[in-house]
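What follows is a single structure, written as structure tokens, with notes after it.
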Amino acid sequence: MYTTQITVYCIQLQCLFDIIMKQQNSKSETIAIIGAGIIGVTAAFRLKQAGFQVTLFDKEDIAQGCSKGNAGHFATEQVFPLAQKSLLPQVPKMLLDPLGPFSISPSYFHKAIPWFFKFINNMRPKLFNANKEALKSFNKIAMNSWDALISETNLGSLFHKQGSLLTFESVSDNEAIKVQREYQAEGIAVELLNKKQVNNLEPGISNKVTWALLFRDVAHTCCPETLTKEIYKKAEKLGVEFEKCEISTIESDNKLVTITSKNKIYQTDRVLLATGAHSKLLCKQLGFTVPLETERGYHYMVKSANQPNRPIVSYERKFIMTPMKNGLRLAGTVEFAGLDKEMNTRRVDALLLSGKSIWPQIEDTKEGNYRWMGFRPSLPDSKPVVGKSPKHNNIYFAFGHQHLGLTLAAINAEVITDCILDKKPSISLKPYSIDRF
């Protein structure tokens, strides 16, 4: 009799426990992540692990912006802000060369002037050094975060830690050593290689390359689009959902956030804005004027019977080539021309000549969509916007990573998750606050 009663009590307790757990699960907070590139997808993965009901929103499919066509380089060595005094004397020459590594469309010049004034202001030593330290604090822990994420998701076949090369063709050994010391002064491990050492490391490289810096503590992916999509698949298995629609408005009453697309209205407890180069308008709706500009970046796909083993960056030509699973990707260039102008095919085709100068075995097969253009979100201080809105208690930002979106995605996901959970992140988010402008 007593055994029967105990059994009944146990069943009742189990039922009560199940009801409580269902209630807790049904009450887990919802969060909408607007933007399904690498920043949004990695954040979705971590936030789902933290217990949120996560929905990704994007006007295109997963990984169809910069996450589709970037250079695939996890560039943790890039701790120097773009706003460097040494760039100023080169600007007139760059602007006069429509096919050079840096250009502004004449029709867009007047729109870009306010941004460039802010950009030049950030060349002041105090601001430059502060921005550099902020980038360093993010970059120095970025690779550990990627190692953890790759291990958890079993995506090692898409993540290659072979280092990268920065090549020199026309500069002296003294100049190459000077560049090496600049990196070393920031705590970056880098080795100077002579011509013979470079040829031994990458036998297919041009004889024009006389020196190179080898960065060992960096990595690359053989397909950034596939990597992003595979991380999403892992997140989807955990319960992350995806809505393909363009969010046009966003409003918060500090209890719920209402986001609106063309055909539907959604309400959610919280929102993370990870919309890259398209963040400016939504930020304005929330009361923030953000000096965000669009850098149009290009890539050109080629074949080579013998591909390099790691990314190769040209110091003089200002471009990068990265071995991909379907060929060799030539990428780079900075073009200010806004979000609406069509691709400048002459600019992207110029990458081919630069590529052949560094890697003579290149075959221009023109297969498939061999040309690509994407939009980098650029802020004048080279730092992203990451953290909580100072005007709302349920809106968060993660955009403006410029050339480092792929590099910083994993650590960004960790710190923004901590921020949303009201935990202390591994780095201070104050330098990345949206109210710094």
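Right, residue 362: over 27 Å from residue 141 (Cβ atoms) and in contact with a Gly (Cβ under 6 Å, 6 or more places away or on another chain) or not? It is true that residue 362 is over 27 Å from residue 141 (Cβ atoms) and in contact with a Gly (Cβ under 6 Å, 6 or more places away or on another chain). Which condition number in (1) closer than 23 Å to residue 86 by Cα; (2) among the charged types (D, E, K, R); (3) touching a helix residue (DSSP H, G or I) at 6+ places or on another chain (Cβ under 9 Å) is the one that residue 132 fails? Single failed check for residue 132: (3).
Within the range 362-371, does at least one residue satisfy the condition of being among the aliphatic types (A, V, I, L, M) and over 22 Å from residue 309 (Cα atoms)? No, there is no match, as no residue in the range 362-371 is among the aliphatic types (A, V, I, L, M) and over 22 Å from residue 309 (Cα atoms). Would the range 321-332 turn up any residue that is in contact with an Asp or Glu (Cβ under 6 Å, 6 or more places away or on another chain), within 30 Å of residue 106 (Cβ to Cβ), aliphatic (A, V, I, L, M) and touching a residue at least 40 places away in the same chain (Cβ under 8 Å)? Among the residues of the range 321-332, not one is in contact with an Asp or Glu (Cβ under 6 Å, 6 or more places away or on another chain), within 30 Å of residue 106 (Cβ to Cβ), aliphatic (A, V, I, L, M) and touching a residue at least 40 places away in the same chain (Cβ under 8 Å), which makes the answer no. Restricted to the range 311-358, and to residues there that are outside any strand (DSSP E or B) and hydroxyl-bearing (Ser, Thr, Tyr), the residue that is surrounded by the fewest Cβ atoms within 10 Å (Cβ to Cβ) is 345. Restricting attention to the range 280-297, the residues that are in contact with a helix residue (DSSP H, G or I) (Cβ under 9 Å, 6 or more places away or on another chain), of a type in the set (S, T, N, Q) and surrounded by fewer than 21 Cβ atoms within 10 Å (Cβ to Cβ) add up to 1.
Taking the numbered list (1) of a type in the set (S, T, N, Q); (2) over 19 Å from the mean Cα position of the chain (by Cα); (3) part of a strand (DSSP E or B) in turn, residue 306 passes all entries but (3). Within the range 294-319, residues that are under 22 Å from residue 339 (Cα atoms) sit with their Cβ atoms under 7 Å from residues that are of a type in the set (Phe, Trp, Tyr) and not in a strand (DSSP E or B), at 6+ positions apart or across chains, in these pairs: 300/370. For the range 11-24, indicate whether the set of residues that are closer than 29 Å to residue 423 by Cβ, modelled with pLDDT of 95 or more and β-branched (Val, Ile, Thr) is non-empty. No, because not a single residue in the range 11-24 is closer than 29 Å to residue 423 by Cβ, modelled with pLDDT of 95 or more and β-branched (Val, Ile, Thr). Just one of the listed residues (126, 140, 68, 59) is under 19 Å from the mean Cα position of the chain (by Cα), surrounded by fewer than 18 Cβ atoms within 10 Å (Cβ to Cβ) and either within 30 Å of residue 229 (Cα to Cα) or without any contact (Cβ under 8 Å) to a residue 40 or more places away in the chain (or both), namely 140. Residues in the range 202-242 that are acidic (Asp, Glu), farther than 19 Å from residue 190 by Cα and surrounded by 15 or more Cβ atoms within 10 Å (Cβ to Cβ): 225, 230, 236.
Among the criteria (1) surrounded by fewer than 22 Cβ atoms within 10 Å (Cβ to Cβ); (2) closer than 20 Å to residue 390 by Cα, the one residue 266 does not fulfil is (2).
Here is a yes/no grid of residues against (1) in contact with a helix residue (DSSP H, G or I) (Cβ under 6 Å, 6 or more places away or on another chain); (2) under 21 Å from residue 62 (Cα atoms); (3) at pLDDT 95 or above:
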| position | (1), (2), (3) |
| --- | --- |
| 240 | yes, yes, yes |
| 243 | no, yes, yes |
| 248 | no, yes, yes |
| 255 | no, no, no |
| 278 | no, yes, yes |
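Go through the range 388-414 and give me each residue that's under 24 Å from residue 375 (Cα atoms) and assigned to a helix (DSSP H, G or I). Within the range 388-414, 402, 403, 404, 405, 406, 407, 408, 409, 410, 411, 412, 413 meet the criteria.
The values are calculated or read from the model by the stated rules, or taken from the named source; none is laboratory data. None of the values given here were measured: they were computed from a predicted structure. Cβ atoms come from the backbone with ideal geometry, glycine included; neighbour counts cover every protein chain shown.
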